[in-house]
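The values are calculated or read from the model by the stated rules, or taken from the named source; none is laboratory data. Here the structure is a predicted model, which means the values were calculated and not measured. Don't worry about glycine lacking a Cβ; one is built from the backbone with ideal geometry, like all the others, and counts go over all protein chains shown.
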Amino acid sequence: MASLLAFLLFAGLAVVCALVALFHRSVVHSAFALLGTLLGVADLFLQLGADYLAMTQVLIYVGGILVLILFGLMLTPPDRRELRPARIFLGLAVTGAGALLFLTRMDSGAWKAAPLQELPDLANQASPTAEPIGLAFLERDSWLLAFEFASVILLAALVGAVFIARRRFRVDDEGA
Amino acid sequence: MPGPLTPSDWLLAAPLLWLAGGVVAILVLDAFRPAARHEAGLAFLALLGAAWSLWPLAEAAGEPLEGIPGLPVRAFSGMLEASPGNAVVGLLCLGAAALAGILSLRSLCRLESGRHRTALWTLLLVAPAGMLVTLASSHFATLFLGIETLSLPLYVLSALRRTEEGSVEAGLKYFLLGAFASGFLVFGMALLYAGTGRMDPGAVTAALEGGALARAGLGFLYAGLLFKLAIAPFHLWVADVYQGAPTPITALMAAGTKAAAALALLHWAPPAGPLGSGAWALLACATLALANLTALNQENLKRILALSGVAHAGLLLFALAALQAAPGSGASVEAAVNFYLVAYGVSALAAFGALELLERRAGGHAEASALRGLGRRFPVAGGILALAVLSLAGIPGTAGFLGKYFVFAELVRSGEVGVALLGILLTLWSFAYYLRILVVLYMKDAAPAGGPPAVQDTPAAVALWVPAVLVVLLGVWPAPAHLL
Amino acid sequence: MLAAYAPLLAWLVLVLVFVTGLLWVTDRIGRPRPATGKADTYECGMEPVGDAHRRFSVHYYLVAVLFILFDVEALFLILWALQARELGTPGLLEVGFFLAVLAVGWLHIWRRGGLEWDR
């Protein structure tokens with residue numbers, strides 16, 4: 001019962017905030033509304049028993065990506081044009097059709113990884129996932145390569161970001 | 001429990017360690033001795049080291065084309081899997097990065113008074129590392145990491161000429177569409193995992209027997225891979241990105257990314273079964289036709305070569321169609337694909353490399369009008385470009401011909417003679433625009449020399465001979481080809 | 001399992017109640033004395049110029065990107081830290097490699113002036 005209430009609360013938060021993010025006139029407000037959506041999704045992860053994923057969601061998306069989006073907005077000149085209704089309806093139609101297809105065609109038996117029937121209990125059965133995930137990443141016979149290689153891609157992203165965001169140098173800057 | 005790494009783990013990790021070590025060494029040296037220009041040397045050392053550590057595996061590709069290629073090596077409990085033939089394609093990726101580096105020595109390295117060098121060389125090492133992981137991936141984790149690791153450096157490198165609008169546009173376009181494609185890829189993986197509970201290529205087989213969920217996932221997975229491979233209808237970015245990116249980077253993209261994505265697709269292709277060969281053959285024909293049709297109207301040689309790359313990727317799908325039509329042909333199809341990739345790779349490297357040298361003589365333009373008659377004025381670069389174009393077209397005596405021959409032979413052997421004939425016709429159609437490049441190069445009324453006089457670039461001129469010689473060598477002496 | 005998160009939920013509710021309550025209370029017991037100076041962005045010091053919707057330095061973006069990258073790094077570290085004892089020396093070496101590679105990245109942005117504001 002409590003989990004159902006929590007689900008309704010946070011799922012509702014996610015949906016309402018997503019709608020605000022979509023339809024609010026100010027992009028900054030939209031960005032802040034995303035906060036609620038991302039937190040709501042974090043709760044869904046939590047209720048599915050994926051506690052580490054929920055923490056990741058809060059740390060990366062709520063803490064990081066949202067800031068990135070806000071800074072991105074600061075870099076963009078304001079565009080006060082209205083959204084065209086035709087575009088909104090097209091988007092709604094496409095996503096709606098996709099969701100409908102997903103809900104009707106994907107019977108619960110299709111979920112091999114975690115059958116749908118078990119979902120409501122998952123949060124109560126599951127044990128903390130961070131430790132098994134950590135073991136899987138660092139043990140040599142499972143995901144070690146992915147773990148170590150992730151550092152290389154993060155490094156490349158760092159170098160690329162510093163390069164892209166650097167000021168343009170003129171020739172007279174030489175020797176600085 | 002953590003046991004020690006096995007020899008096969010080390011075998012496949014060693015090239016990656018060389019490349020990562022090179023990146024680290026460059027960055028550390030740059031931090032403490034920014035004035036010393038060690039980057040290029042270290043990068044070439046790392047590439048050489050990686051090639052040297054990959055060599056034993058490539059050397060094991062001893063069996064002839066008809067037989068079974070050497071056993072694939074599995075490492076990290078099935079995260080990576082590479083056959084000797086794959087290792088040869090891996091060597092091609094390393095070579096592509098090396099050639100891109102050599103071509104940049106006198107041009108890109110000097111942009112904005114050389115401040116880009118660190119970024120350029122580190123990213124030039126990370127990209128082939130990603131390619132190696134991608135082409136050997138046999139797990140969702142390595143497939144995704146590999147594709148991201150090869151794409152991310154290329155997004156940045158495409159935008160290396162920050163003062164040129166085309167270059168920035170290329171980087172941005174590639175990045176946005178690439179991110180979109182990665183989204184498809186991950187979503188597909190998630191659905192496949194949800195539907196089958198597996199993360200290895202076995203998920204594909206299981207998905208075909210499974211429900212709609214897994215099949216949808218399969219669709220998304222292939223959409224992501226076909227984007228990287230630039231198959232119609234996901235090929236629209238290619239012309240713009242290849243044109244806008246600096247030409248050495250274009251060469252790396254054409255040879256390396258394509259090879260890595262193609263082998264990944266082959267690894268993750270469904271085994272012969274319910275999907276049938278029709279879908280792949282249809283995609284291949286559509287890609288070839290669209291690429292040919294578009295290439296005929298292009299004025300820019302880089303765009304023509306980019307669309308030629310699209311056509312070549314499309315032709316590769318015929319190999320997948322053959323795989324579908326004839327169960328049990330896996331080994332020989334894979335050998336044909338490996339050879340095809342190497343043949344296309346060296347041809348593309350020679351073509352874009354020579355084009356880069358000619359472009360510099362024409363003031364940085366690759367328009368047909370700017371390159372008119374340059375083949376006469378610069379016989380070596382022009383000759384290499386002409387040779388590469390002949391190979392791309394598939395004239396007998398070149399590597400490109402044999403590559404196409406092997407693929408179509410697989411198709412005929414699998415019983416799809418009609419499809420093979422259609423493919424050959426589409427290939428013949430492409431001669432039209434290859435011929436156009438030759439005509440432009442050797443036109444009578446040469447374009448007036450434009451722009452400032454180009455820098456004498458001995459390293460590039462020398463390095464360009466390597467792919468050029470390989471084009472001929474693989475074409476007339478296919479013995480090394482049979483090693484694949 | 002879910003019960004373990006009850007304190008978190010209670011804390012969330014407490015924060016919401018406290019903040020809204022505080023605002024409500026100040027609104028009720030405060031006596032508003034409007035003045036022109038109070039309506040300014042800053043009561044003293046700088047005169048605000050122009051619109052808030054102007055383009056900011058791309059440097060903000062770099063900071064945000066670097067933040068996310070190190071955020072991800074921290075997440076990976078948590079995974080190791082929870083198991084540090086069980087994983088022992090091999091685990092330490094593995095995570096050491098991971099950290100060393102990223103430390104080099106940090107060195108790069110530091111030496112390249114990525115952390116300095118006025119470049």
Fill in the blank from the handout: Given the conditions (1) touching a Phe, Trp or Tyr at 6+ places or on another chain (Cβ under 8 Å); (2) within 11 Å of chain A (Cβ to nearest Cβ), every one holds for B:Thr163 apart from (1)
Exercise for the section: Keeping to the stretch B:145-180, report how many residues are crowded, with 19+ Cβ neighbours inside 10 Å and closer than 21 Å to B:Ala129 by Cα. Expected result: 20
Practice task
Check the stretch B:109-124 and report whether any residue there is more than 12 Å from chain A (Cβ to nearest Cβ), in contact (Cβ under 8 Å) with a residue 60 or more places away in the chain, assigned to a helix (DSSP H, G or I) and crowded, with 24+ Cβ neighbours inside 10 Å.
Solution key: no
Completion exercise
The condition of being closer than 30 Å to B:Ala264 by Cβ and surrounded by fewer than 24 Cβ atoms within 10 Å (Cβ to Cβ) holds, among B:Ala331, B:Ala350, only for B:Ala331
Handout entry: Sole exception among (1) under 17 Å from B:Lys173 (Cα atoms); (2) assigned to a helix (DSSP H, G or I) for B:Ala260, by number
Key = (1)
Practice task
May I ask you to verify whether C:Phe67 is in a loop (DSSP other than H, G, I, E, B) and at the interface with chain A (Cβ under 7 Å from one of its Cβ atoms)?
Solution key: no
Problem - Residue in the stretch C:88-119 that is surrounded by the fewest Cβ atoms within 10 Å (Cβ to Cβ), counting only those that are more than 7 Å from every other protein chain (Cβ to nearest Cβ), of a type outside the set (Asp, Glu) and under 23 Å from the mean Cα position of the chain (by Cα) - result: C:Trp117
Exercise for the section: Answer yes or no: is there a residue in the stretch B:192-211 that is within 9 Å of another protein chain (Cβ to nearest Cβ), over 22 Å from the mean Cα position of the chain (by Cα), surrounded by 22 or more Cβ atoms within 10 Å (Cβ to Cβ) and part of a helix (DSSP H, G or I). Expected result: yes
Practice task
Please verify whether the stretch C:77-87 includes one or more residues that are within 8 Å of another protein chain (Cβ to nearest Cβ) and assigned to a loop (DSSP other than H, G, I, E, B).
Solution key: yes
Problem - Residue count, the stretch B:1-46 (criterion: more than 14 Å from chain C (Cβ to nearest Cβ) and in a loop (DSSP other than H, G, I, E, B)) - result: 3
Handout entry: Matching option when the condition is assigned to a loop (DSSP other than H, G, I, E, B) and either acidic (Asp, Glu) or out of contact with any Pro (no Cβ under 6 Å at 6 or more places or on another chain) (or both), among B:Arg74, B:Arg162
Key = B:Arg162
Exercise for the section: Could you please let me know if B:Leu213 is farther than 28 Å from B:Glu112 by Cα, touching a residue at least 60 places away in the same chain (Cβ under 8 Å) and of a type in the set (A, V, I, L, M)? Expected result: no
Problem - the stretch B:391-438, residues that are under 24 Å from B:Gly330 (Cβ atoms) and charged (D, E, K, R) - result: B:Lys404, B:Glu410, B:Arg413, B:Glu416
Exercise for the section: Sort out which residues of the stretch A:10-56 are more than 27 Å from A:Ile88 (Cβ to Cβ) and free of Cβ contacts under 8 Å to residues at least 12 places away in the same chain, and write them in order of number. Expected result: A:Thr56
Problem - First in the stretch B:160-188 and of a type in the set (S, T, N, Q), second anywhere and buried (at least 21 other Cβ atoms within 10 Å of the Cβ), Cβ under 6 Å, 6 or more apart - result: B:Ser167/B:Ala159; B:Ser167/B:Arg161; B:Ser167/B:Gly244
Practice task
Would you mind telling me which numbered condition in (1) of a type outside the set (D, E, K, R); (2) surrounded by 10 or more Cβ atoms within 10 Å (Cβ to Cβ); (3) more than 14 Å from chain A (Cβ to nearest Cβ) C:Pro34 fails?
Solution key: (2)
Handout entry: Answer residue from the stretch A:133-150, given it is small (Gly, Ala, Ser) and either surrounded by fewer than 23 Cβ atoms within 10 Å (Cβ to Cβ) or in contact (Cβ under 8 Å) with a residue 12 or more places away in the chain (or both) and is nearest to the other protein chains (Cβ to nearest Cβ) among those
Key = A:Ala146
Practice task
Give the stretch B:394-431 a look and list any residue that's of a type in the set (Gly, Ala, Ser) and assigned to a loop (DSSP other than H, G, I, E, B), or say none.
Solution key: B:Gly394, B:Gly397, B:Ser414, B:Gly415
Practice task
Considering every residue within the stretch A:115-122, establish whether at least one is of a type in the set (A, V, I, L, M, F, W, C) and at pLDDT 65 or above.
Solution key: no
Exercise for the section: Take the stretch B:110-139 and flag every residue that is of a type in the set (A, V, I, L, M), under 17 Å from the mean Cα position of the chain (by Cα) and under 18 Å from B:Ala245 (Cα atoms). Expected result: B:Leu123, B:Leu124, B:Leu125, B:Val126, B:Ala127
Practice task
Pick out the one residue from B:Ser391, B:Ser369 that is crowded, with 19+ Cβ neighbours inside 10 Å, in a helix (DSSP H, G or I) and polar (S, T, N, Q).
Solution key: B:Ser391
Exercise for the section: Quickly run through the stretch B:125-144 and pick out the residues that are aliphatic (A, V, I, L, M), within 7 Å of chain A (Cβ to nearest Cβ) and either closer than 18 Å to B:Val89 by Cβ or surrounded by fewer than 24 Cβ atoms within 10 Å (Cβ to Cβ) (or both). Expected result: B:Ala129, B:Val133, B:Ala141
Exercise for the section: Looking only at the stretch B:140-159, decide whether some residue is more than 17 Å from the chain's Cα centre (by Cα), under 18 Å from A:Val162 (Cβ atoms) and not in a helix (DSSP H, G or I). Expected result: yes
